[in-house]
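The values are calculated or read from the model by the stated rules, or taken from the named source; none is laboratory data. Note that the structure is predicted; figures quoted are calculated from it, not measured. Here the Cβ is made from the backbone with ideal geometry for all residues, glycine too, and neighbour counts use every protein chain on show. For the accessible areas, the whole protein counts, side chains as well, though only heavy atoms, and no ligand, DNA or RNA atoms are used. Shrake-Rupley method; radii C 1.70, N 1.55, O 1.52, S 1.80 Å.
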Amino acid sequence: MKKITIAVITIVIILAAAIGLARQQAHHKQASTDTISPNTLTIGLEGTFAPFSYRQDGKLTGFEVDLSTAIAKKLDLKPKYVQTKWDSLIAGLGSKRYDVIFNDVGVTPERQQAYRFSTPYLYAKTVLIKRKNNTQLNSLADLIGKKMAQSTTFFGVLAKKSGAKIVAVPGMTEAMNMVTTQRADGALNDLGAYATWQKANPDADTTAIDLSKESPAAPAAPLLAKNNKKLQQRIDQAIADLKQDGTLQKLSLTYFNADLTKK
């Protein structure tokens, strides 16, 4: 009887292990079919847009780097990062260079028509950046005819709609260089990005006016190809889990010194 009991227990253990392995294999198979590389979440970002993604001592870091790493872990996938300039970043989804973009991409009706968004994770604040001695720029109404250093982001679209003359730049660093050297009157951008730039350039004679009430920025969310519904749903769940366990709020406080994860 004792030998029979031991044999039964052994069989149960073996069956449980087999079931667990089968589930794990099925999970990995699902992960592989949802992504362009097996067991890997390939992520597109700029890598030059602090504090969202940037290099520190040669290592890629930032709010969206830490966030996407945490999401990849929830999905049981290895994160792989592909750095691309903003102007060609979104187009990389169509050419299957990456599975998803984490780059402070605002949710807009135009993008929703061509792409798929996951759950928003950040609600930014729009600021008008200018030199301190510039008393003519204080609101969106003041942008008419002014030179604004902008890339093709939500902020660039907003500046153009407000009547500004757009001085095209690839990103935040170049925009600030245009403003500080008086080749542009100002720039619209995200408060967190400006605060990080200001911290690294404390002697710069610039200031920022909060326009979040006048023009709330579109919420930022992961951007995926239109046909990748399964991966979007899995990322949705991962973000929900990270909100629930406090990770998302903690990352926002770490990089922005404020909780920007709520409307």
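Gln232 - would you say it is open to solvent by 50 Å² or more (accessible area, probe 1.4 Å) and touching a Ser or Thr at 6+ places or on another chain (Cβ under 8 Å)? For Gln232, the condition - open to solvent by 50 Å² or more (accessible area, probe 1.4 Å) and touching a Ser or Thr at 6+ places or on another chain (Cβ under 8 Å) - is not met.
Based on what the data block shows, is Ile13 exposed (fewer than 10 other Cβ atoms within 10 Å of the Cβ), at pLDDT below 95 and more than 30 Å from Thr173 (Cβ to Cβ)? Taking the combined requirement at face value, the residue does not satisfy it. Which one of Lys263, Lys243, Lys199 is under 24 Å from Phe117 (Cβ atoms), in a helix (DSSP H, G or I) and open to solvent by 80 Å² or more (accessible area, probe 1.4 Å)? Matching residue, one of Lys263, Lys243, Lys199: Lys243.
For the stretch 157-177, residues that are assigned to a helix (DSSP H, G or I), under 17 Å from Trp197 (Cβ atoms) and open to solvent by 30 Å² or more (accessible area, probe 1.4 Å) total 3.
Filtering the stretch 246-260 to residues that are β-branched (Val, Ile, Thr) and buried (at least 21 other Cβ atoms within 10 Å of the Cβ) leaves nothing. On inspection, Asn138 fails the criterion of being among the polar types (S, T, N, Q), crowded, with 17+ Cβ neighbours inside 10 Å and in contact with a Leu (Cβ under 9 Å, 6 or more places away or on another chain). Can you tell me which residue is farthest from Thr108 (Cα to Cα) among those in the stretch 209-263 that are among the acidic types (Asp, Glu) and under 18 Å from the mean Cα position of the chain (by Cα)? Top of the filtered list is Asp241.
With the structure loaded, tell me whether Gly186 is surrounded by 22 or more Cβ atoms within 10 Å (Cβ to Cβ) and more than 20 Å from the chain's Cα centre (by Cα) or whether it fails that test.
yes
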